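Below: the structure, in structure tokens.
The values are calculated or read from the model by the stated rules, or taken from the named source; none is laboratory data. Keep in mind that this is a model prediction, so the values were computed, not measured. Reconstructed Cβ throughout: ideal geometry from the backbone, glycine too, with neighbour counts over all protein chains shown.
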Amino acid sequence: MKNKQTIINELFNKLLVKEVVPSVEEIIKRAETKKTMKLIYGETYDLFGLTIDSLKYYFYLSLLHRELEGLGIKVVSNVIIGDLHSVKNQNVVNKGELLDKAGDRLKALKEIKTKYNLRFEAGRFSRKAKSY
């Protein structure tokens, strides 16, 4: 049977995850002290709709959440739609239209979460919407 260190190292394999904050060692300490671990994935979007990459991140976040919970770690996971950050680039010409799509993006995200029983909460990060 694998120990916590091995499982956590596998979850944060450098081929899948570039950087972990806090460190893997800190995650193990939190598991031992019963502190809540917060997992956050934030993304921007464009008018082309949901990408395959987004799905990959939603599933990975949920897998990570479940595995850490299985190790006895209390976990809270969030996906944040960065609507205002999506229009910051100067080359975005349809900023109003793009901002209007944030609600559609959030609705689609919640439908995916429900359909696949994923483990995270979803919300928007903007001046117009309540954030976490």
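List of remarks:
- Matching helices (runs of 4 or more DSSP H) fully within segment 51-132 where at least 2 residues are under 27 Å from Ile7 (Cβ atoms) and either at pLDDT 80 or above or in contact with a Leu (Cβ under 7 Å, 6 or more places away or on another chain) (or both): 52-70, 102-115
- Unmet criterion (only one of (1) modelled with pLDDT of 70 or more; (2) touching a Ser or Thr at 6+ places or on another chain (Cβ under 6 Å); (3) not aliphatic (A, V, I, L, M)) for Glu26: (2)
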